[in-house]
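What follows is a set of notes on a single structure, which appears directly below.
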Amino acid sequence: MTGSTKVFRETARHFHDVAHNGPGYVPVHPSYPHFCTELHSNDGILGDAREIHIEYCDQWASCRSATQAEGKQERS
């Protein structure tokens, strides 16, 4: 990851939330195998970026499938 000090200072709570809560969330919610958050362009800290999706997964293969399924539902 790269970025300015300002961006990381203002978004650190999102990364901390995922790192802190992800490992405990996934085992309790086996049908939803990841814990995530998003930084949106309207938050005023990403400049020209649209969004950043931060995701914790215990096992990336199952997580990737779930994320792809979510993306298909959002586009429908």
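The values are calculated or read from the model by the stated rules, or taken from the named source; none is laboratory data. Keep in mind the model is a prediction, meaning the values are calculated, not measured. Cβ coordinates were reconstructed from backbone atoms using ideal geometry, including for glycine residues, and neighbour counts include every protein chain displayed. Heavy atoms of the whole protein, side chains included, go into the accessibility calculation; ligands, DNA and RNA do not. Shrake-Rupley method; radii C 1.70, N 1.55, O 1.52, S 1.80 Å.
Just checking, does segment 5-14 include any residue being open to solvent by 40 Å² or more (accessible area, probe 1.4 Å), modelled with pLDDT under 70 and either in a strand (DSSP E or B) or not hydroxyl-bearing (Ser, Thr, Tyr) (or both)? Taking every residue of segment 5-14 in turn, none turns out to be open to solvent by 40 Å² or more (accessible area, probe 1.4 Å), modelled with pLDDT under 70 and either in a strand (DSSP E or B) or not hydroxyl-bearing (Ser, Thr, Tyr) (or both). Restricting the first member to segment 1-19 and to residues that are under 12 Å from Ile45 (Cβ atoms), and the second to residues that are not in a helix (DSSP H, G or I), the beta-carbon pairs closer than 7 Å and six or more apart or on different chains are Val7/Ile45; Glu10/Ile45; Thr11/Leu39; Thr11/Ile45; His14/Thr37; His14/Leu39; His14/Ile54.
Considering segment 16-31 alone, what residues qualify as being more than 12 Å from Gln59 (Cα to Cα) and open to solvent by 50 Å² or more (accessible area, probe 1.4 Å)? Of everything in segment 16-31, those that are more than 12 Å from Gln59 (Cα to Cα) and open to solvent by 50 Å² or more (accessible area, probe 1.4 Å) turn out to be His16, Asp17, Ala19, His20, Asn21, Tyr25, Val28, His29, Ser31.
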